[in-house]
Amino acid sequence: MDQPLQSKLSSLCLISQHKLETILSLCGDKADLIIDPSLIKPLERICGVTWLRQHGIEKIYKMDPQLGQTVNTTKIYFISACKHKYKCVLDQISSQISQNPSLADLKCFNIIIVPKVLHTYDSILESRGLYGVVKLHSFSWELMSLDDRLLSLELPFLFKQLYVEQNHSLLSSVSLSLWSLFHVTGQPKCIISLGKLSSSVLDILEIYNETYSRDFVSKDTDEIDTVLLIDRNQDYASSLLTPATYSGLLNEIFNITCGHLDLNVKETKYKKGKMNFTTIPEDNPKKITMNLDSSIDSLYGEIKHRHFSEVLSVLSSKAKLLKNEDIKALGIQEIKHFVSTKLQQVALFKQNLVNHVLASETIISEMNNKFENVTYTENEMMNNRNKKSNFNFVDENFGTDIQIYNSLRLMCLLSLTQGLSYDEYNNLVNKYLLAFGYKFLYVFQNLINAGLLIQPVSLKLSLNISNLSGLSDRLPKWQTGFQNQAAKLKQLPSQGDTKSSPSYVFNGSYVPLVASICNILFTSESLSEALTKLSSTLELKLSGSLLENMKDGIQTLNEKLSNLKLNSELEYGCMDAKSLLKKLKTDSKLSNAFSFKTKSVLVFVIGGVTYAEIAACDVIQSANGKGKYSLSVHPLR
């Protein structure tokens, strides 16, 4: 296939449509669709209302616990793989059957679950007495194109399941999305994983390749030759720091769902999270939705990755260009040509310009004078300076300017970079609970489970007087570990010009880990050189078409399982980077295979990517003149 990559990626939507069409054909001719509101925007990316009606859907309802009778007998519930929502749907179905027992014999209830039906769902169905009455369908949609070189699986509930609940049952769906992608774009030469979840995804991907024998469209691809799989918890700092780019600050203030921004200046995310002691009723403003897609809004494409200090000057220059466009001097024929060809585009551009100016004004009013103070303190945290004054800043924020989300972010960032003592931790927790109520006590345990917050241990309680010799070994090493790794990967830039550095996305304080890795991959003369630089600091695992030559004479997965011995390890065809480098030194033929220079990198962040990280990768791409594709399982923030 000689089609450009963008055309190949557009076929992913058609694959999702075909999957959904197959499911709908099993549900009946005339049905009502009852959809979870959080899945409306992603479903719109796959198909429209017209398409749904062509495939048997007559009426569409938002899922509501108080939803009454619908028009058609056949009902299709469309929900995410969340046990709570699943049980709510079963409660509704049980209520309808109790009112009309004949519905049980019709078998008219269907539940489509994104991305897949879990094994426990059948057990729950049986315990409710609905087994055989309700049909369950798995719908694993493909990656969606949100913007230029940005794809997403749009599964916002996945972060909580993977990192907070430690439930990894949906990792197979992540692997399946990659498996489908590679059959469209071609098999990459090398896949690099960083983190436990990414390593598991890589293993499952190898199982798919062995189990489902299917020829790739292209064995090797020059469009995406290297894939970087990375866990979100490998670089929490990039999701906790305050971004300085326009797109990053938009996400700070407004709600963004599936690439659509809700421009509600009266009820921003920041205002919702603030303590409100005076309730003043306001008129419902007109709902304005902005599409954050460069192909639709060229102005957004021009300013999305800029530092926010530059955005207003760009918008001002665009407004002056529109003002200088005088159609009064045009003749009749010229005016007709203008109306037929450019008028609609100019009107759309004007509306986009007004929206971006309004969004910028809201950002300025919301951030006020806090931006400089916050970014300065964050910079001090990242470089492990002035711990006492940094804590005092966070402590004062919890006491006078507390916000339900942003205050926790500062606390987590301080905990990860400089650490919190037992008393400091308890002090901040108590102030937060006094402000918002003890019903939020579970939040801190969730943050600890996810690794965003490190709970200190009281030395008074844990000190073992009988064994002081090993005390230094038992003390936590995370207080300086962050700076050690960041220094090795050059993520903490020195004070100076930050405009050409990817650190500008965080006002010069930090380079995101994905950008740092991509820079090493692009600037190294060979992949083996890049792995040598990275493996000394990071625990990497590799797979891809380059490693297939090493599988000759190696047992297949089925052979490994049949000859499995106790305490043996399954590698599934994947290799540890350090082990691979040892073989490269002894095998010249294999070493030549890894001598290729990386031309393009696909970044896949399991848990979500931030707009600041995307902007940082864009800087690396521009500096090296290479291709970069940022993908995320879902927007993290």
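The values are calculated or read from the model by the stated rules, or taken from the named source; none is laboratory data. Treat the numbers as computed from the prediction; the structure is a model and nothing was measured. Cβ coordinates were reconstructed from backbone atoms using ideal geometry, including for glycine residues, and neighbour counts include every protein chain displayed. What goes into the accessible areas is simple: the full protein's heavy atoms, side chains included, and nothing from ligands, DNA or RNA. Shrake-Rupley method; radii C 1.70, N 1.55, O 1.52, S 1.80 Å.
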Checklist line | Residues that are open to solvent by less than 10 Å² (accessible area, probe 1.4 Å) and modelled with pLDDT of 95 or more, drawn from the range 383-406 | finding: ASN390, VAL394
Checklist line | Conditions (1) open to solvent by less than 20 Å² (accessible area, probe 1.4 Å); (2) at pLDDT 85 or above; (3) part of a helix (DSSP H, G or I); number of the one not met by THR598 | finding: (3)
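Do we find that THR226 is open to solvent by less than 30 Å² (accessible area, probe 1.4 Å) and either on the phi < 0 side of the Ramachandran plot or at pLDDT 95 or above (or both) in this structure?
On the way: open to solvent by less than 30 Å² (accessible area, probe 1.4 Å): yes; either on the phi < 0 side of the Ramachandran plot or at pLDDT 95 or above (or both): yes.
Against the criterion (open to solvent by less than 30 Å² (accessible area, probe 1.4 Å) and either on the phi < 0 side of the Ramachandran plot or at pLDDT 95 or above (or both)), THR226 qualifies.
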Check: So SER294 clears everything in (1) in a helix (DSSP H, G or I); (2) at pLDDT 90 or above; (3) surrounded by 12 or more Cβ atoms within 10 Å (Cβ to Cβ); (4) among the small types (Gly, Ala, Ser) except one condition, right? Which one?
Finding: (1)
Next item on the list: Could you please give the count of residues in the range 419-460 that are over 14 Å from ILE404 (Cα atoms), of a type in the set (Gly, Ala, Ser) and assigned to a helix (DSSP H, G or I)?
Entry: 1
Item checked: Condition met for SER360 (out of contact with any Lys or Arg (no Cβ under 9 Å at 6 or more places or on another chain) and under 30 Å from THR289 (Cα atoms)) -> yes
Notebook entry, point to check: Of the residues in the range 155-172, how many are open to solvent by 10 Å² or more (accessible area, probe 1.4 Å) and touching a Pro at 6+ places or on another chain (Cβ under 8 Å)?
Noted result: 1
Next item on the list: Return the pairs, sorted by first residue and then second, in which the second residue is open to solvent by 10 Å² or more (accessible area, probe 1.4 Å) and β-branched (Val, Ile, Thr), the first residue lies in the range 106-119 and is under 19 Å from GLU154 (Cα atoms), the beta carbons are less than 7 Å apart, and the residues are 6+ apart or on different chains.
Entry: ILE112/ILE23
Check: When the range 81-110 is examined, which residues are found to be aliphatic (A, V, I, L, M) and open to solvent by 10 Å² or more (accessible area, probe 1.4 Å)?
Finding: ILE97, LEU103, ALA104, LEU106
Margin query: Please determine whether any residue of the range 196-204 is at pLDDT 85 or above, open to solvent by 40 Å² or more (accessible area, probe 1.4 Å) and under 30 Å from GLU378 (Cβ atoms).
Written below: yes
Next item on the list: For residues that are touching a Lys or Arg at 6+ places or on another chain (Cβ under 9 Å) and either under 17 Å from ASN72 (Cβ atoms) or in a loop (DSSP other than H, G, I, E, B) (or both), tally how many sit in the range 1-22.
Entry: 1
Item checked: Tabulated pairs, the range 190-201, first basic (Lys, Arg), second part of a helix (DSSP H, G or I), C-beta under 9 angstrom, 6+ apart or interchain -> LYS196/ASN233
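Of all the helices (runs of 4 or more DSSP H) wholly in the range 340-414, which have at least 1 residues that are hydroxyl-bearing (Ser, Thr, Tyr) and within 30 Å of ASP297 (Cβ to Cβ)? Let's see the steps before the verdict.
Working: elements: 343-367, 370-382, 387-400.
Those helices (runs of 4 or more DSSP H) span 343-367, 370-382.
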